[in-house]
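For reference, the structure is listed below as structure tokens.
The values are calculated or read from the model by the stated rules, or taken from the named source; none is laboratory data. Quick caveat, the model's predicted, so the values are computed rather than measured. Glycine gets a Cβ as well: all are built from the backbone with ideal geometry, and neighbour counts include every protein chain shown. With ligands, DNA and RNA removed, areas are computed over all heavy atoms of the protein, side chains included. Shrake-Rupley method; radii C 1.70, N 1.55, O 1.52, S 1.80 Å.
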Amino acid sequence: MTQPHQLVRALSLTDASALVVGTVIGTGVFLKAAPMAQQVGSPMWVLIAWVAAGLLSLAGALTYAELSAMMPDAGGEYVYLRKAYGEPAAFLFGWQRFVVGGSASIASLGVGFSIFLATVIKLDDFVWLENDFKLLGQAIHWQFGLQQVIGVAVIALLTVINCFSVAFGGKVHVILTMLKISGIAFIVLGIFLFSKETSWSNLATPSQSQWNGLSAFGTAMLAALWGYDGWNNMPMAAGEVRDPGRNIPRALILGMVAVMLIYCSLNLAYFYALPFEQVVTANSNMYREAPPVATRASQTFLGDYGGRIVAVVFMVSALGALNGSILSNARVPFAMARDRLFFKPFGLVHATTRVPVLCLIFQGFWASVLALSGTFDQLTNCLLFASWIFYALVTSSVFVMRYKFPTMERPYRAWGYPVIPLVFVLVAGWLIINTLISVPVESVAGLVMMGVGFPLYVYFRKSRS
């Protein structure tokens, strides 16, 4: 019988699968085709980058499936790193995930929702304060107005929903995921069936384009991996999944295969609908005022209504990813506190709802602060580098675990072991080095932010003693 101070296993296979799909599919797939096209200069190389990133993410998910089935506890990667490499590595992961990475991602999704809403309802007239400053060499235009208030309100609303119970939060997530998939299917089918401006010749490499090298492909692949990011979130809530040895591996594998099919179909539709030049000049850092590539593609069959309809799909997608991030990321400080490596109250669950309410509230508060600061994108860019270091470490831990604990029960064994995990670690290592070379400022800043947590680890370790 579950004790009042313990989490309750209330998430079904459907809930867990929706948590994978709904958390992964955020806004990246609607926006990243443009910067990727700018890097590689060819529709086919963009599609290959999406496939390669999807296969790499699937390889990681296959390995995570073995680890999470072995150790189906709240905290996900924190738990695996602690078992394989010890407390320091686990704490540094939890620190960067909860305090910066996860919260910055939640902030980004909350403000992203309000940005998409602003394309449907005019919010620009309600700006009360604004200022310009620089962070990590990047210019930031900060403003405070109705748009920011809505972003914070959405974060607060979904935080409150997830405070009720994990079962309720899971069902809300299933609904949002189904709405999201339906919206994407509407765009894809609409382009292929009703657009009058489509042509398969759009997929041909432009005559003036040339291969930009492996480094450019790596940068494009990193952009695609940001679109796939989130496949590691569901195991953070493994302590609340029913029949975890069976359901967690199935949810990870089925969820990632579904995401790959959705992403490849949507990007193929973009290039089928639009000339390459229209994709390249869509919304990105180079063309900030241009409409997103998904909007341009949808306008080929929806006309002027395309932008508003796609904005609604964007909002639903952002809500789904936001709900999944709030639900899963709050379990990391909970696991740390249970091991007495974080503040003790964070290890408590509500007697009635059986969820870590304090973790959820603090996470929502800190994400709201980041949303109002306007710096979440810079923080996320910094931590993406550090995140891939931990992805590689977690995946390599499957080798450590098989060596150190050969008799430990494994309800699921990673398919393709040892080749698939090794390929993931090697490619992740290449991406880490490529990122360090191509964006050194953000990469070093990410390492510094991660290192700031080490004195805290020493403090908690001494306090526990």
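Carbon-plus-sulfur fraction of the accessible area of region 341-465, 1.4 Å probe, in percent?
So the carbon and sulfur contribution to the accessible surface is 74 percent.
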Exercise. Where nothing but the Cβ of Lys and Arg (+1) and of Asp and Glu (-1) is charged, how large is the charge dipole of the chain around its Cα centre, in debye to the nearest 20?
Worked result: 1380
Problem set entry | Per residue accessible area in Å² of the chain, where ligands, DNA and RNA are left out and the probe is 1.4 Å | 41
Exercise. According to the square roots a ≥ b ≥ c of the eigenvalues of the Cα gyration tensor, what is the shape class of region 42-132, taking rounded for a/c under 1.5, prolate for a/b larger than b/c otherwise, and oblate for the remainder?
Worked result: oblate
Seminar exercise, completed: Simple SL model, points at 7 angstrom along Cα→Cβ for Ser373 and Leu157; separation in nm is 2.6
Problem set entry | Charge-dipole axis of the chain as Lys and Arg at +1 and Asp and Glu at -1 on Cβ define it, positive-most pick from Ala18, Leu62, Val29 | Leu62
For this session: First measure r as the distance between the Cβ atoms of Leu426 and Lys122, then evaluate 1/(1 + (r/R0)^6) with R0 = 60 Å and state the FRET efficiency to the nearest 0.05.
Result: 0.75
Problem set entry | Computed FRET value (nearest 0.05) for Leu254 with Asn131, which takes r as the C-beta separation and R₀ as 45 Å | 0.45
Exercise. Full extension from Arg288 to His350: what is 0.36 nm times the residue separation minus their Cα-Cα distance, to one decimal in nm?
Worked result: 17.9 nm
Problem set entry | By average C-beta atoms within 10 angstrom, highest first, the peptides 418-428, 106-116 | 106-116, 418-428
Problem set entry | Heavy-atom accessible area ranking, 1.4 Å probe, most first, across Phe186, Phe460, Phe192 | Phe186, Phe192, Phe460
For this session: Kindly rank 86-99, 227-240 from highest to lowest mean number of other beta carbons found within 10 Å of each residue.
Result: 227-240, 86-99
Exercise. What are the ³J(HN,Hα) values, in whole Hz, obtained from phi via the Karplus relation 6.51 cos²θ - 1.76 cosθ + 1.60 with θ = phi - 60°, for each residue of region 178-190 in sequence order, with x given for Gly and Pro?
Worked result: 5, 5, 5, 4, 5, x, 5, 4, 4, 5, 5, 5, x
Exercise. By its C-alpha gyration tensor, with a ≥ b ≥ c as the square roots of the eigenvalues, how is region 80-209 shaped: rounded for a/c under 1.5, else prolate for a/b larger than b/c, else oblate?
Worked result: rounded
Seminar exercise, completed: The Rg/Rh figure for the chain, Cα atoms and Kirkwood Rh, to two decimals is 0.95
Exercise. Dipole of region 319-465, Cα-centred, from +1 at each Lys and Arg C-beta and -1 at each Asp and Glu C-beta, to the nearest 20 debye?
Worked result: 740
For this session: Assuming R0 = 60 Å, can you tell me the calculated FRET efficiency for the pair Cys264 and Ser463, based on Cβ-Cβ distance, to the nearest 0.05?
Result: 0.75
Problem set entry | Net length gained if the chain between Phe343 and Trp142 were fully extended (0.36 nm per residue, minus Cα distance) | 69.1 nm
Exercise. What is the set of long-range amide H partners of Phe144 at a cut-off below 5 Å, with H atoms built 1.01 Å from backbone N?
Worked result: Trp128, Leu129, Glu130
Seminar exercise, completed: Zone reached by a paramagnetic label modelled 7 Å from Ser199 Cα along Cα→Cβ, restricted to region 24-61 with backbone N below 16 Å, covers 43
Exercise. Which whole-number percent gives the relative contact order of the chain, counting Cα pairs below 8 Å spaced six or more residues apart?
Worked result: 34
Seminar exercise, completed: Protection proxy (average C-beta count within 10 Å per residue), highest first, orders 284-290, 294-300, 43-49, 9-15 as 294-300, 43-49, 9-15, 284-290
Exercise. Hey, if you put +1 on the Cβ of every Lys and Arg and -1 on every Asp and Glu Cβ in the chain, which of Gln39, Phe93, Ala104 ends up farthest toward the positive end of that dipole?
Worked result: Phe93
Exercise. What is the gain in length, in nm to one decimal, between Phe164 and Leu55 on full extension, counting 0.36 nm per residue of separation less the C-alpha to C-alpha distance?
Worked result: 35.6 nm
Seminar exercise, completed: In the neighbourhood of Pro244 defined by beta carbon distances under 13 Å, the net charge of the other residues (Lys, Arg +1; Asp, Glu -1) is -1
